[in-house]
Amino acid sequence: MAEETAIATIPAAGKRPAAAAAPRPASARRARRRYALRLWSVRHARGLEWFYGIFADIFLRLHPLWNALGYSRAERPVRFVEKTVKGLLFDCRMCGQCILSSTGMSCPMNCPKQLRNGPCGGVRASGHCEVRPDMPCVWVKAWEGSRRMVQGDAILQVQKPVDQSLLASSSSWLRVTANAAAERDRSRSGEAA
C-alpha cells in the first residue's frame, strides 16, 4: 500500500506535476514577457544601434522645435513615450542617464546591485546573477550584445555613477539631444571664427 502511494506521487515522465500546470498569475507572465523582450533586444543589438542612430539624428533635427517649446515643457510627453518604449524593449528603469548604446542594449539598472561598469565578483560559473540565480547576469548579456554592435567597444568606457537625486525619471533622449545641439553649435561657432 505504501509503495502504491509513493508511485502515485511521482509524476509521469514528460508530464508536469499538477501544481506546475496551474495558471501563473498575470504579473509573472508579464515579467516573463518583459524579460524575453530584454533578451531579444540584446540579440538584436546591432539593428537597434542602427535604428537609434537614425532616431537620434531625427531628434537632433527637431532641436529647434524642442527649443521653441522649451525643453522643460517637452519633458513630460517625451518622458512618457521614452518610458513606454524603453520599458517595453529594455525593461528600462528611467535613470535619466541611459547608456544602452554602450552596453549592448542591456540596461545595467536591471542589475540587482545597479552596477554601471561591469559585473560584480559574484557572477556564477553559469553566467547567472549571484543575487538572483534564475537570471543571467545583466553584464554578461551586455557583453554579448556589445560584441554584435558596430560601436561595441563603447562598453569599455568607464561610466559615471548614477545621479539618483537629480536625473531619475527624466528623459535621457532630450538631455542627449540638448547636449548634441550645444556641441554642434560650439563646433559651428569655432569654424566661423
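Being of a type in the set (D, E, K, R) and part of a helix (DSSP H, G or I) is the filter here; which residues of segment 156-180 pass it?
175
Do you know which residues across segment 167-193 are without any contact (Cβ under 8 Å) to a residue 40 or more places away in the chain and either aliphatic (A, V, I, L, M) or open to solvent by less than 30 Å² (accessible area, probe 1.4 Å) (or both)?
Keep residues of segment 167-193 that are without any contact (Cβ under 8 Å) to a residue 40 or more places away in the chain, which gives 179, 182-183, 185-193.
The answer is 182, 192, 193.
Given the conditions (1) in contact (Cβ under 8 Å) with a residue 60 or more places away in the chain; (2) touching a strand residue (DSSP E or B) at 6+ places or on another chain (Cβ under 7 Å), report the number of the one that residue 128 does not fulfil.
The single condition residue 128 does not satisfy is (1).
Go through the residues of segment 81-93 one by one and say whether even a single one is closer than 18 Å to residue 178 by Cα, more than 10 Å from the chain's Cα centre (by Cα) and open to solvent by 70 Å² or more (accessible area, probe 1.4 Å). Break it down stepwise before answering.
Residues of segment 81-93 that are closer than 18 Å to residue 178 by Cα, as a first pass: 81-82.
With the extra rule that they be more than 10 Å from the chain's Cα centre (by Cα), the set shrinks to 81-82.
From what is left, the residues that are open to solvent by 70 Å² or more (accessible area, probe 1.4 Å) are 81.
Yes - at least one qualifying residue is present in segment 81-93.
Going residue by residue through segment 139-151, is there one that turns out to be loosely packed, with under 12 Cβ neighbours inside 10 Å and in a helix (DSSP H, G or I)?
Checked segment 139-151: no residue is loosely packed, with under 12 Cβ neighbours inside 10 Å and in a helix (DSSP H, G or I).
Among the residues of segment 154-193, write down those that are of a type in the set (Asp, Glu) and either under 21 Å from residue 72 (Cβ atoms) or modelled with pLDDT of 95 or more (or both).
Let us first name the residues in segment 154-193 that are of a type in the set (Asp, Glu), namely 163, 183, 185, 191.
Of everything in segment 154-193, those that are of a type in the set (Asp, Glu) and either under 21 Å from residue 72 (Cβ atoms) or modelled with pLDDT of 95 or more (or both) turn out to be 163, 183, 185.
Just to be sure before I move on: is residue 154 open to solvent by 40 Å² or more (accessible area, probe 1.4 Å) and either closer than 21 Å to residue 104 by Cβ or not acidic (Asp, Glu) (or both) in the structure I sent?
Numbers: open to solvent by 40 Å² or more (accessible area, probe 1.4 Å): no; either closer than 21 Å to residue 104 by Cβ or not acidic (Asp, Glu) (or both): yes.
In short, no.
List the number of the failed condition for residue 185; all other conditions in (1) outside any loop (DSSP other than H, G, I, E, B); (2) over 16 Å from the mean Cα position of the chain (by Cα); (3) closer than 17 Å to residue 38 by Cβ hold.
Status for residue 185: all satisfied but (3).
Would you say residue 52 is in a helix (DSSP H, G or I) and modelled with pLDDT of 90 or more? Give the derivation first.
Working: in a helix (DSSP H, G or I): yes; modelled with pLDDT of 90 or more: yes.
So residue 52 fits the description; yes.
For segment 94-103, give me each residue that is of a type in the set (Ser, Thr, Tyr) and within 10 Å of the chain's Cα centre (by Cα). Give the steps one after another, and end with the answer.
In the first step, residues of segment 94-103 are kept if they are of a type in the set (Ser, Thr, Tyr); the result is 101-103.
101, 103 - these are the residues of segment 94-103 that are of a type in the set (Ser, Thr, Tyr) and within 10 Å of the chain's Cα centre (by Cα).
Take residue 132 and decide whether it is part of a helix (DSSP H, G or I) and open to solvent by 70 Å² or more (accessible area, probe 1.4 Å). Talk me through it step by step, then tell me what you get.
Numbers: part of a helix (DSSP H, G or I): no; open to solvent by 70 Å² or more (accessible area, probe 1.4 Å): yes.
No: the conditions fail for residue 132.
Out of 92, 98, 120, I need the residue that is touching a helix residue (DSSP H, G or I) at 6+ places or on another chain (Cβ under 8 Å), in a loop (DSSP other than H, G, I, E, B) and without any contact (Cβ under 8 Å) to a residue 40 or more places away in the chain. Which one?
Working: 98 fails: without any contact (Cβ under 8 Å) to a residue 40 or more places away in the chain; 120 fails: touching a helix residue (DSSP H, G or I) at 6+ places or on another chain (Cβ under 8 Å).
Being touching a helix residue (DSSP H, G or I) at 6+ places or on another chain (Cβ under 8 Å), in a loop (DSSP other than H, G, I, E, B) and without any contact (Cβ under 8 Å) to a residue 40 or more places away in the chain holds for just one of 92, 98, 120, which is 92.
With the checklist (1) open to solvent by 40 Å² or more (accessible area, probe 1.4 Å); (2) closer than 20 Å to residue 168 by Cβ in hand, flag the one item residue 64 doesn't pass.
(2)
The values are calculated or read from the model by the stated rules, or taken from the named source; none is laboratory data. None of these values were measured; they are calculated from a predicted model. Don't worry about glycine lacking a Cβ; one is built from the backbone with ideal geometry, like all the others, and counts go over all protein chains shown. Quick note on the areas: whole protein, heavy atoms, side chains included, nothing else; ligands and nucleic acids left out. Shrake-Rupley method; radii C 1.70, N 1.55, O 1.52, S 1.80 Å.
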